[in-house]
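Quick notes on the structure that follows.
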Amino acid sequence: MMIIKIGGGDSVNLQGIIADLSGVSEPFVIVHGANALRDRLAESLNMPKKTVTSVSGYSSVLSDQEALDVMMMAYSGLRNKRIVELCHQHGINAVGLSGLDGKVIQGQRNKGIRVKQNGKVKILRDFSGKPKTVNSRLLELLLNNGYTPILTVPIIDENNRAINSENDDIVALLQSALQAEIVIQLIEAPGFLENPRDPSTLISKIRKEELARREEQVEGRMKRKILALRKLFDRGAAKVIIADGRVEHPVRDALNEKGTVIL
Amino acid sequence: MMIIKIGGGDSVNLQGIIADLSGVSEPFVIVHGANALRDRLAESLNMPKKTVTSVSGYSSVLSDQEALDVMMMAYSGLRNKRIVELCHQHGINAVGLSGLDGKVIQGQRNKGIRVKQNGKVKILRDFSGKPKTVNSRLLELLLNNGYTPILTVPIIDENNRAINSENDDIVALLQSALQAEIVIQLIEAPGFLENPRDPSTLISKIRKEELARREEQVEGRMKRKILALRKLFDRGAAKVIIADGRVEHPVRDALNEKGTVIL
Amino acid sequence: MNQNVTCPVCDAVFEVAENVELNELLTCPDCGSELEVVNLKPLEVAEAPQEEEDWGE
Amino acid sequence: MNQNVTCPVCDAVFEVAENVELNELLTCPDCGSELEVVNLKPLEVAEAPQEEEDWGE
């Protein structure tokens with residue numbers, strides 16, 4: 001079993017990814033983003049993305065109801081169904097689901113973060129949270145009947161409300177629920193780069209034991225990414241490949257270990 | 001088995017409909033529209049709806065790729081997932097699917113219509129068509145495992161491309177595939193009105209044999225609606241109720257035959 | 001200058017106006033079949049799909 | 001004029017500034033618990049959720 005995470009950037013080669021996957025015999029589940037599409041849609045609907053910075057300095061996207069509407073249009077709507085369409089054109093019997101559908105991904109809503117507003121410290125709650133459980137029965141029901149699940153946000157919280165969540169956390173949860181040996185993450189870069197601005201500094205191999213050390217060296221988004229990677233291995237992933245989603249054969253190259261291999 | 005068709009108007013009381021359905025013991029499938037939401041979205045993305053009139057006078061919405069993108073955002077994205085969310089909040093284990101997902105609704109793409117453009121008669125093809133077959137196995141797989149399918153456009157054509165299609169035709173196809181005895185259509189009117197502008201002219205009962213005669217008396221959209229109704233009965237529907245989706249208890253009232261009952 | 005095209009139904013060769021457009025509907029002067037311009041360079045025609053009441057949404 | 005409120009943790013009654021806002025974070029002067037203003041009319045407080053690194057997207 002493999003999990004294929006398709007990044008939400010505009011330069012990701014969806015056509016090439018799905019064409020490669022049609023040649024794969026191993027069963028797989030796709031998790032995809034659509035952040036570039038969501039940002040453009042929010043812009044043209046003049047609902048620009050709101051970010052908040054907590055008193056302890058972490059900045060995060062504010063997922064209010066309006067942001068969730070845009071997310072449902074971009075992630076669970078346009079991007080999900082265009083991937084499903086592409087899959088069927090390549091003989092992959094895809095079924096697109098958000099985390100809400102059949103409660104396939106349930107989570108816990110964030111308790112709220114402490115933010116400063118006009119000089120006062122306040123608790124700010126939005127509609128975001130952490131994924132906690134997977135409806136593996138539904139996924140297996142589909143997989144065993146020849147369907148390929150194509151998953152995306154939003155997920156569903158403890159009060160059955162749609163909430164936003166990090167795709168990396170969803171991938172980690174799915175990896176352990178489905179005991180996937182391989183996780184391929186297709187991004188808009190050749191893989192992990194020592195120096196993000198210099199593609200030639202690609203790190204081709206990282207031993208999973210090194211992840212803890214590397215996590216200390218980085219900040220912000222990259223720190224979160226490495227933490228999510230560590231979780232993947234804590235839960236039994238054998239191999240994670242971070243590869244370039246923009247090339248002609250993203251999945252084939254990834255399976256040939258072109259990119260950053262972590263094991 | 002019941003089919004509940006929820007109209008895509010803004011004044012439809014989704015909350016009331018789903019609350020009523022949570023008290024229903026009979027299994028059911030929901031088919032929903034989102035045309036008002038789609039029109040507003042298209043407007044704010046300045047992709048206004050394009051309509052074309054064929055040389056024989058029929059006008060139809062032009063479903064080009066841009067229109068399908070907007071449809072995936074409005075129908076399969078926002079409206080579908082907000083209905084799924086509402087269902088779970090009322091204990092209904094909903095799974096939202098477009099016709100693309102698992103090819104649950106397959107259709108035949110329209111061959112093209114004859115239109116006049118700068119003085120010439122031309123064939124105009126778009127991405128629309130008629131639904132032909134239902135993946136009943138997938139629907140039964142979900143229903144038998146306690147899930148309630150929430151269906152909407154687009155559907156999938158013979159070349160695995162997303163196409164637009166009439167919800168009424170989809171309801172007719174589903175009715176026969178699932179042998180549903182009852183079809184409830186929730187619209188933004190008390191039911192069929194002799195005079196569309198006068199709610200007091202509600203027709204409370206129509207015998208299905210009268211449908212052919214009534215079809216001759218009307219034009220355009222209403223003609224199509226009555227033709228779709230006739231198809232429903234040709235394929236074994238026992239009772240069709242057209243009721244007001246805006247009231248406090250749309251489904252309860254419909255089941256109490258408040259609206260237009262056709263049998 | 002006008003171009004010639006062969007009718008796929010009866011093989012008659014006939015002249016087509018220079019400003020013919022893609023997807024334009026033509027009628028073969030010999031057999032009367034309805035033909036659709038499916039390519040411009042090179043000019044190609046094919047039998048037009050039958051009349052269909054496209055009652056879109 | 002200021003209003004009084006009772007700390008849900010240690011039942012101490014303390015004064016709250018008039019311009020207090022919804023979801024504002026207060027600290028009980030007696031037991032030091034962090035309290036959140038959960039209602040304005042009438043004024044109500046509840047224990048604030050513990051600090052959580054909300055690493056949203």
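Just so you know, all these numbers are worked out from the coordinates, no wet-lab data involved. Bear in mind the structure is a predicted one, so any value in this text is a computation, not a measurement. Using ideal geometry, Cβ is built from the backbone for each residue, glycine included, and neighbour counts are taken over all protein chains shown.
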ask   = Nm distances between the label at residue C:21 and the same-position labels in the remaining copies, 7 Å along Cα→Cβ, shortest first?
value = 5.9
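What shape does the protein assembly as shown take by its C-alpha gyration tensor, where a ≥ b ≥ c are the square roots of the eigenvalues and a/c under 1.5 counts as rounded, a/b above b/c as prolate, and the rest as oblate?
Values: a/c = 2.12, a/b = 1.36, b/c = 1.56.
Oblate, since a/c reaches 1.5 and b/c is not below a/b.
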key: Rounded, prolate or oblate (a/c below 1.5 giving rounded, otherwise prolate when a/b exceeds b/c) for the stretch D:3-47 by Cα gyration tensor   = prolate
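Can you tally the net charge around residue D:41? Count Lys and Arg as +1, Asp and Glu as -1, for every other residue whose Cβ sits under 14 Å from the Cβ of residue D:41.
Working: positive: none; negative: D:18, D:21, D:44.
Within the 14 Å Cβ shell, the charges total -3.
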query = Among B:171, B:199, B:229, whose Cα lies farthest out toward the positive end of the dipole of the stretch B:130-243, if unit charges sit on the beta carbon of Lys, Arg (+1) and Asp, Glu (-1)?
reply = B:229
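Let me check I've understood the local charge: for residue C:10, count other residues with C-beta under 15 angstrom from its C-beta, Lys and Arg +1, Asp and Glu -1. What total comes out?
Numbers: positive: none; negative: C:11, C:30, C:34, C:47.
Charge balance in the 15 Å sphere: -4.
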inquiry  = Per DSSP helix of 4 or more residues, -39500 (n - 2.57); summed, then divided by the residues of the protein assembly as shown. What does that give at 222 nm, rounded to the nearest 500?
reply    = -7500 deg cm²/dmol
remark   = Gyration tensor on Cα atoms of the stretch B:58-165, a ≥ b ≥ c root eigenvalues, a/c under 1.5 rounded, else prolate if a/b beats b/c, else oblate, says prolate
request  = Quick one: with label points 7 Å out along Cα→Cβ, list the inter-copy distances for residue A:220 in nm, shortest first?
outcome  = 5.5
request  = Would you kindly work out, in nm and rounded to one decimal, the distances from the label point of residue B:234 to those of the same position in each other copy, ordered shortest first, with label points 7 Å along Cα-to-Cβ?
outcome  = 6.1
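Report the local net charge at residue B:106: Lys and Arg +1, Asp and Glu -1, summed over other residues whose C-beta lies under 10 Å from its C-beta.
Neighbourhood net charge equals 0.
Using the number of other C-beta atoms within 10 angstrom as an exposure proxy, rank A:73, A:1 with the fewest first.
Numbers: A:73 29, A:1 15.
Final ranking by Cβ density, sparse to dense: A:1, A:73.
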request  = Return the subset of A:81/A:132; B:111/B:132; B:103/B:239; A:132/B:5; B:5/B:132; A:205/A:231 for which the Cα-Cα distance in this structure is over 23 Å, preserving the input order.
outcome  = A:81/A:132; B:103/B:239; A:132/B:5
task = Convert each backbone phi in the stretch A:17-23 into a coupling constant with the Karplus relation 6.51 cos²θ - 1.76 cosθ + 1.60 (shift: θ = phi - 60°), then list the ³J(HN,Hα) values in order as whole Hz, x for Gly and Pro.
result = 4, 6, 4, 4, 5, 5, x
Reachable aspartates and glutamates, given that their alpha-carbon falls under 13 Å from the alpha-carbon of residue B:50 and they are not under 8 places away in the same chain = B:39, B:64, B:66, B:126, C:57
request  = Kindly write out, for the stretch B:163-168 in residue order, the coupling ³J(HN,Hα) from the Karplus curve 6.51 cos²θ - 1.76 cosθ + 1.60 (θ = phi - 60°), rounded to whole Hz, with x marking Gly and Pro.
outcome  = 9, 7, 7, 6, 4, 4
note = From the Cα centre of the stretch B:1-52 to that of the stretch A:150-208, the distance in Å is 34
ask   = Based on the Kirkwood radius over alpha-carbon pairs, what is the Stokes-Einstein translational diffusion coefficient of chain A at 25 °C with 0.890 mPa s viscosity, in µm²/s?
value = 130
ask   = Smallest Cβ-to-axis distance in chain B, for the rotation taking B to A: which residue, how many Å?
value = B:77, 1
